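Please treat every number below as a calculation from the coordinates, not as lab data. Remember, it's a predicted structure, so these values are computed and weren't measured experimentally. Here the Cβ is made from the backbone with ideal geometry for all residues, glycine too, and neighbour counts use every protein chain on show.
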Amino acid sequence: MEVGAAAFERCLPRLRERLRRAAFLGLDMEFTGLHSTFPQNNKPSLFDSPAEWYLKARRSVQRFTVSQFGLAIFSNENSNNIQFLSHYGFDYNKFLKDGIPYMNELQEKSLSQDLLAGSWKVCSVLDRDRMKKAVDEVTCWIAAAEEEETMILQDLSGIQMFEVQLVLRQALQNVWTQPLGDREVMVKKVSPQHRQLLENSSHDSCQKELILMSARGFTNLFQALVKAKKPLVGHNMLMDLLHLHDKFYKPLPESYEEFKRNIHSLFPVLIDTKTVTKSVWKKYPFPRVSNLLEVYEVLCSSDLNPTDPTCPVIVLASDCSRYAEKTPHEAGYDAFLCGSVLLKVAHLLLCKSTGVTAEADPSFSEYLSALVKYLNKVHVIQGGVSSINFSGVDASCRRPPLLVVHVRGWRGLNERHIYQELKGLCQFDVKRLSENQFILLSSKFKHARLALRDYKDHPNLQISLYRHWRHSPHVNCLLQVSSIVALWSLFAFVLGGAPCHSV
């Protein structure tokens, strides 16, 4: 089912009911950007601690917004039956015209205060221009209109109806407004006394609670997700969680640990299929894959479980079958793939752990028991740890050794130059150590071996293993200071110990 702003409020009760009955939820989101290039060096790095990685990601999340939200609802009655919500065939015109609004708790509090104060300001420059045009149009009409006469404002797509009404009512004291569907507003000329009576009636579409409900938009569904407390499944879902927190809950806190606590409180059970499949791929001889769709295709291969009749077959609900051929990187389809991969790999783990073919049609709770070691461990792309543990302490990961680059006869080199020089051979993150030295760190041991082999005798860049006591600037500085102190102490001792001669 595809839902935009025009149909969202109408579909919300049905979506809430499906969430309540769900066994688990597949999630994927698309954003207007991932990592900002300002300030410099804001991209995550293998050198980053979890807290440093979080602060960089936090700055980026604050600069971008959510453009697609895909939700796959796996039914509680039968884990192999699926329905999903998505924005398929996405384009930016659709995003701007029919995008569902949202707000976090801080924005909702600000809106509530504005409503109580009787003031309303439109933030968007584009919307301000359209609102001014609407006010000018009504002002010209009302000068010649009779009392109780009406007009229709049309072509209001992309603007929330309550915004149009609040702006008109604030600008003109002798008008009344009423929405007609999702893109038109009826304007009536009334006396101030009649308007006061209408404002106090129960039929006013601009009552505070109704406005807040409309302005919350997609946040209403987010709140239903939180209330449902269902296992939430994603693939490389860390950025999804950052945006969920920032856009629909609260602005991201400065504290990394507070962010972890908040997410765990909102979603007690998280499953990242990247974390799961990365571990499974190391244990079993599967072919190499590069994306979520290829993971799904391998897991669906008849060669994987040729004699297991219980391996789950993912069946689309009838109203979703037309999406079966969609491509990855559309949020709805990726959400579907996340849930499907989870069922397939959980079934594999369950069979391997029991040593025999699982009973027919295992329950989701049985699958969850096979995944217990992976729960709440969310994969980190390009960070100092391989995953973030939202229910405990982050575990350290085994990394290749640090390498050090000694630059000779090549002036003006910086981290970017070193990266460009090496990227044809292997991938490293680079950090300056001193004027003529740089540290290299890779996520792959073979890259470290290649760099040591190919640059051992390079005329300008000599790469060797990093030794802390030999290469650390702090240690070198300490040794230099210690040497100077020792030298002066020796000099003072020699002078102080010389014999005195008297005449």
_Peptides ranked, highest mean first, by Cβ atoms within 10 Å: ranges 419-429, 231-241_ = 231-241, 419-429
*Inter-label distance for M213 and L425, nm, one decimal - labels placed 7 Å from Cα along Cα-to-Cβ*: 6.5 nm
*Could you give me the percent of Cα pairs per 5 Å distance bin for the stretch 358-408, shortest bin first, beginning at zero and ending with the bin that holds the maximum distance?*
4, 15, 16, 14, 12, 10, 10, 7, 4, 3, 2, 1, 1, 0
*Inverse of mean 1/r across different Cα pairs in the stretch 346-470, Kirkwood, Å*: 17.8 Å
_Please report the spacing between the Cα centers of the stretch 1-29 and the stretch 265-292 in Å, no decimals._
26 Å
*Long-range Cα-Cα pairs in the stretch 179-251 (distance over 13 Å), rounded percent*: 78 percent
*Using 18 Å as the cut-off for backbone N distance, which residues of the stretch 243-281 belong to the label zone defined by a point 7 Å from the Cα of S301 along Cα→Cβ?*
277-281
*If you plug each phi of the stretch 183-193 into the Karplus form 6.51 cos²θ - 1.76 cosθ + 1.60 with θ = phi - 60°, what whole-Hz ³J(HN,Hα) values come out, in order, with x for Gly and Pro?*
9, 9, 10, 8, 10, 10, 7, 9, 6, x, 5
_Derived scalar couplings ³J(HN,Hα) [the stretch 338-346; Karplus, 6.51 cos²θ - 1.76 cosθ + 1.60; whole Hz; x for Gly, Pro]_ = 4, x, 5, 4, 4, 4, 5, 6, 5
*Long-range amide H partners of F24 with built H, under 5 Å*: F74
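Starting from the Cα-Cα distance between E105 and L293, subtract it from 0.36 nm times their residue separation and give me the gain in nm to one decimal.
Stretched fully, the E105-L293 segment lengthens by 64.1 nm.
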*Which pairs in the list K43/K227; K109/K230; K274/K456; K227/K377; K56/K352 are over 32 Å apart, alpha-carbon to alpha-carbon?*
K43/K227; K274/K456; K56/K352
*Between the alpha-carbon centers of the stretch 184-236 and the stretch 130-150, tell me the distance in whole angstrom.*
25 Å
*For a paramagnetic label modelled at 7 Å from the Cα of S201 toward its Cβ, which residues of the stretch 136-158 fall within the zone defined by backbone nitrogen distances under 14 Å?*
148-149
*the stretch 209-273: trypsin sites (Lys or Arg not before Pro) falling in loop per DSSP and having at most 14 other Cβ within 10 Å*: K229
